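Reading through the structure tokens given below for one structure.
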Amino acid sequence: MSSPNAKFYSDLRENQIPLQELLSRDSLFHQVPENWHVIITDIRNSTASVQNGQHETVNLIATGSIVTVLNVTFRANITIPFFFGGDGATFIVPPAIIDSAMSALLLFRENTLKNFNIDLRAGTIPVNRIYEEGHELRISKFKSSKTLYIPVVLGTGLSYAEKLIKGDDYLYPDRAVQQTQLDLTGMSCRWDKIAPPENHNEVVTLLAVAGENVKQAEAFRKVILLLDQIYGKPEKRQPISINKLKLKTTFNRIELEMRATLKEGNFFKKFYEWFTHLLGHLYFKTRRGKDYLTRLVNMSDTLVIDGRINTVISGTEKQRLQLQGNLDELEQQGIIKFGMYVSTDAVMSCYVRDLQDDHIHFVDGSEGGYTNAASVLKVKLRG
């Protein structure tokens, strides 16, 4: 039986106003119900994994954790806010699905450890505990493109939950694994590295947090204003463009995905997936295929605001140097702290339940953009 507020997020107003305006209107943010839960997934020692050349695997596992939970919510007919972080993810879920979501994640965690020897944390904390510790967790819904609505979170609640779950003394929930088979239906990570659009020559992954005693919304507004002034509107800095999309055709890439989705290897299953994948080249030349690619660009998740700004953009070196100089000034004034990583390409993984409207695409800078930007930010936060 679902809880009375299980539809809290899906019932939120969909705001179709500029992001700067949304951040300036406190009334458009709503407190997350205290009986909901925060779930954090995070790859332990992800920086070392990226440095060892496993950045594709790191992205694959992070995406897999999202697909795992979203398939639980799909079966329950519940919509939740979730946030992709490159080497992990964050979810805010109602009590109706907390047990099934954690059970599914623990099974995925077992599979990840067995097949990749990579340890995926998967922890949870009740929202009421976040409030008891004096943290805020307020949320709004924002239309970030023609077809994509994203959650926007203000407050330190999620960063507190992340710090707690990543702590050495965190006790993982004592939950039995109820599922016997992984459900990663819809996971697809088969796009090759994506070069920046025409007239752009680099991809920038940026993380920014508000400084101490600085109003979070105002700090974020300043960062978004700089992005708009230097790079133009969001579609102008979008790192994904149709003419730069290329499907990977290597068997190794298909095998990597299959290792994430199957407990046991199956050559014939891998071959079938590889063969149908090759047919995608033909499909994307059809009218429906071209329409899908247009929606893919619009449904690319390049901006995450979960108590900090996480974004992947494309542009020129001149634009990036100007942005970096302005962000340095904000940092010197104590308004923000930021981490930045520059890549030559973007990478994308996908959750596709159908080719019409039920799909979303997670974007990161190549060579571990989010992970490397986070490492820079962590050093600054340690002071």
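The values are calculated or read from the model by the stated rules, or taken from the named source; none is laboratory data. Computed from a predicted structure; not experimentally measured. Note: ideal-geometry Cβ built from the backbone for every residue, glycine included; neighbour counts use all protein chains shown.
Checking every residue in segment 42-50 against the condition of being in a strand (DSSP E or B) and crowded, with 24+ Cβ neighbours inside 10 Å gives at least one match. Against the criterion of being buried (at least 17 other Cβ atoms within 10 Å of the Cβ) and modelled with pLDDT under 95, Ile224 does not qualify. Please enumerate the residues belonging to segment 37-62 that are more than 19 Å from Leu158 (Cβ to Cβ) and β-branched (Val, Ile, Thr). Thr47, Val50, Thr57, Val58, Ile61, listed by residue number.
Residue count for segment 140-168 satisfying the condition of being out of contact with any Gly (no Cβ under 9 Å at 6 or more places or on another chain), in contact (Cβ under 8 Å) with a residue 40 or more places away in the chain and either at positive phi or not small (Gly, Ala, Ser) (or both): 10. Inclusion of Ser314 among residues that are in contact with a strand residue (DSSP E or B) (Cβ under 7 Å, 6 or more places away or on another chain), among the polar types (S, T, N, Q), over 28 Å from Leu23 (Cα atoms) and surrounded by 17 or more Cβ atoms within 10 Å (Cβ to Cβ) is not warranted.
Which of the numbered conditions does Ile130 fail, given that it passes all the others? Conditions: (1) farther than 27 Å from Phe362 by Cα; (2) at pLDDT below 90; (3) surrounded by 15 or more Cβ atoms within 10 Å (Cβ to Cβ). Failed condition: (2). The sole residue among Ala104, Ala96, Ala122 that is in contact with a Phe, Trp or Tyr (Cβ under 9 Å, 6 or more places away or on another chain) and outside any loop (DSSP other than H, G, I, E, B) is Ala122. Could you list, in sequence order, the residues of segment 227-245 that are aliphatic (A, V, I, L, M), surrounded by 21 or more Cβ atoms within 10 Å (Cβ to Cβ) and either touching a strand residue (DSSP E or B) at 6+ places or on another chain (Cβ under 6 Å) or not in a helix (DSSP H, G or I) (or both)? If the condition is that a residue be aliphatic (A, V, I, L, M), surrounded by 21 or more Cβ atoms within 10 Å (Cβ to Cβ) and either touching a strand residue (DSSP E or B) at 6+ places or on another chain (Cβ under 6 Å) or not in a helix (DSSP H, G or I) (or both), then Ile240 is the only one that fits. Does Ile92 fit the bill of being in contact with a Pro (Cβ under 7 Å, 6 or more places away or on another chain), surrounded by 24 or more Cβ atoms within 10 Å (Cβ to Cβ) and in contact (Cβ under 8 Å) with a residue 24 or more places away in the chain? When the stated conditions are applied, Ile92 passes them.
I'm trying to understand the selection: among the residues of segment 11-34, which are touching a strand residue (DSSP E or B) at 6+ places or on another chain (Cβ under 9 Å) and surrounded by fewer than 17 Cβ atoms within 10 Å (Cβ to Cβ)? Before the answer, list the steps.
Let us first name the residues in segment 11-34 that are touching a strand residue (DSSP E or B) at 6+ places or on another chain (Cβ under 9 Å), namely 12-17, 19, 21-23, 25-26, 28-32, 34.
Result: Arg13, Glu14, Gln16, Ile17, Glu21, Arg25, Asp26, His30, Gln31, Glu34.
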